[in-house]
Amino acid sequence: MRSSENRSAAFVAEMEGFASPQVDREEQLATRAAWLYFVGGLTQAQIGKKLGINRIRINRLLAQAREQGMVQIRITGRLADCVELEEKLKACFGLAGAVVVPTPPNPALIPHVIGAAAGNVLAERLKDGISVGVGWGRTLRLSLRSVPRRPLRMLSVVSLMGGLTRGAAMNPHETASHLADLIDAQCYYIAAPALADSEATRDVILAQPAIRDVFDRIKRLDLAMVSVGDLDPKSTIMQVGLVGKDDLASLQKAGAAGDLCCHWLDELGHVVDHPLNRRAIAPPPLALKQIPCVIVPSGGPNKVRILHGALHGGMIDVLITDEATAAGVLA
């Protein structure tokens, strides 16, 4: 009898293993290590002993867990210096809200810390029945790691830009799709490139009924989260090949400080006179100003001028940035 029960149990276990999806062993190990460290309160040495691996690997697994968004840390304490900057930003630019986080020692981590704060801000504003517009960029992509997965009813997500012609994690369509997946929302895309090859082509694309439908939805948005781009050669827009070196030079000559949804502005928020602005397949800054709440998470020394422009032009309702950037914008 016992032998028969053992065989039955073995068969069930085997079938369950066969039917279940394959699990990434490294991801499972990283998740277990993160749980033991952040929730269980064990030291790295204790975790290593428990899991049978050395401390160096434990350290790497914890870093992997943070990098991949398995661990979401929310700090509720407020820093007086940050609060002071928030109040100054709101008073100076008439903002509905501002969140300023400490600037990390490593500049490469600025998008991560701002993204974590932005995800929390966005999550708090998501509710049934609203329509949300989403831009693109590294900080926005990172922010979605802090948006908890939860189904919402009758909510739609609209991508605010045309897409890239090749697959990439930074593709505007990917960002919108990821958010829609997290909250079980309907997703709408601008089925066209972010930049047309000419003004005439852009006009033809914008005249298409399917594209007009998406732009009509943009006019009815309740909330939008977008980022700004700078003119650094290492910027996202350069890395994905959306603009070239010649474009960069001519934009600088035209007085551009950076872009907001593929529309280039100067540091006072005026749309610069440049051919790229007449090729963009995205709502212009004036259209963004009609959205009840526009959240902009962005930071770093290269973003000071374009953030000042977007703020001065009244295109931002809630700014999420770091201390050094906030101080630079106010200066």
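Quick notes on this structure:
- Segment 260-288 versus segment 40-118: alpha-carbon centroid distance in Å: 33
- Of the solvent-accessible surface of segment 152-252, computed with a 1.4 Å probe and all protein chains present, 50% belongs to carbon and sulfur.
- Estimated distance in nm for a label pair at Gln28 and Leu206, the labels positioned 7 Å out from Cα along Cα-to-Cβ: 5.4
- Each of Gln44, Trp136, Leu89 was placed along the dipole of the chain (beta-carbon charges, centred on the mean Cα), and the one lying farthest toward the positive end is Gln44.
- Annotation for segment 99-158: trypsin sites (Lys or Arg not before Pro) lying in DSSP loop with at most 14 further Cβ atoms inside 10 Å of their Cβ are Lys127, Arg149, Arg153.
- Stokes-Einstein diffusion of segment 53-193 at 10 °C, 1.306 mPa s viscosity, Kirkwood radius from Cα pairs, rounded to a whole number: 94 µm²/s.
- Restricting segment 46-120 to trypsin sites (Lys or Arg not before Pro) in coil, as DSSP defines it, with at most 15 other Cβ within 10 Å: Arg74, Arg78
- Computed over protein heavy atoms with a 1.4 Å probe, the accessible surface of the chain works out to 52 Å² per residue.
- Only Lys, Arg, Asp and Glu carry charge here, each on its Cβ (+1 for the first two, -1 for the last two); on that basis segment 27-147 has a dipole of about 580 debye about its Cα centre.
- What the phi angles of segment 44-52 give under the Karplus curve with 6.51, -1.76 and 1.60, with θ = phi - 60°, is a coupling list of 4, 5, 5, 5, x, 5, 5, 9, x Hz, glycine and proline written as x.
- Residue-by-residue Karplus 3J(HN,Hα) for segment 94-103, coefficients 6.51, -1.76, 1.60, Hz, glycine and proline x: x, 6, 6, x, 8, 10, 10, 10, x, 6
- Student exercise, segment 212-259 dipole from Lys, Arg, Asp, Glu Cβ charges, in Debye to nearest 20: 100
- For the chain, a simple Cβ point-charge model (Lys and Arg +1, Asp and Glu -1, everything else neutral) yields a dipole of about 940 debye relative to the Cα centre.
- Recomputing mean projected area of the Cα convex hull in nm² from the coordinates shown identifies the correct label among [x] 22.7; [y] 21.6; [z] 16.0 as [y].
- Counting every C-alpha pair in segment 239-331, the share spaced more than 18 angstrom apart comes to 44%.
- Residues with amide H under 5 Å from that of Val158, placed H, sequence gap 5 or more: Val132, Gly133, Val134, Tyr188
- Cα-based helix-to-principal-axis angle, 25-34 vs the chain, degrees rounded to 10: 90
- Amide H contacts of Glu267 (H built 1.01 Å from N, in plane; Pro and chain starts excluded): Ala257 sit under 5 Å, all sequence-distant by 5 or more or on other chains.
The values are calculated or read from the model by the stated rules, or taken from the named source; none is laboratory data. Model, not experiment: these values are computed from the prediction. Here Cβ is always computed from backbone atoms with ideal geometry, including for glycine, and neighbour counts include all displayed protein chains. To get the accessible areas, we keep the full protein, side chains included, count just its heavy atoms, and leave off ligands, DNA and RNA. Shrake-Rupley method; radii C 1.70, N 1.55, O 1.52, S 1.80 Å.
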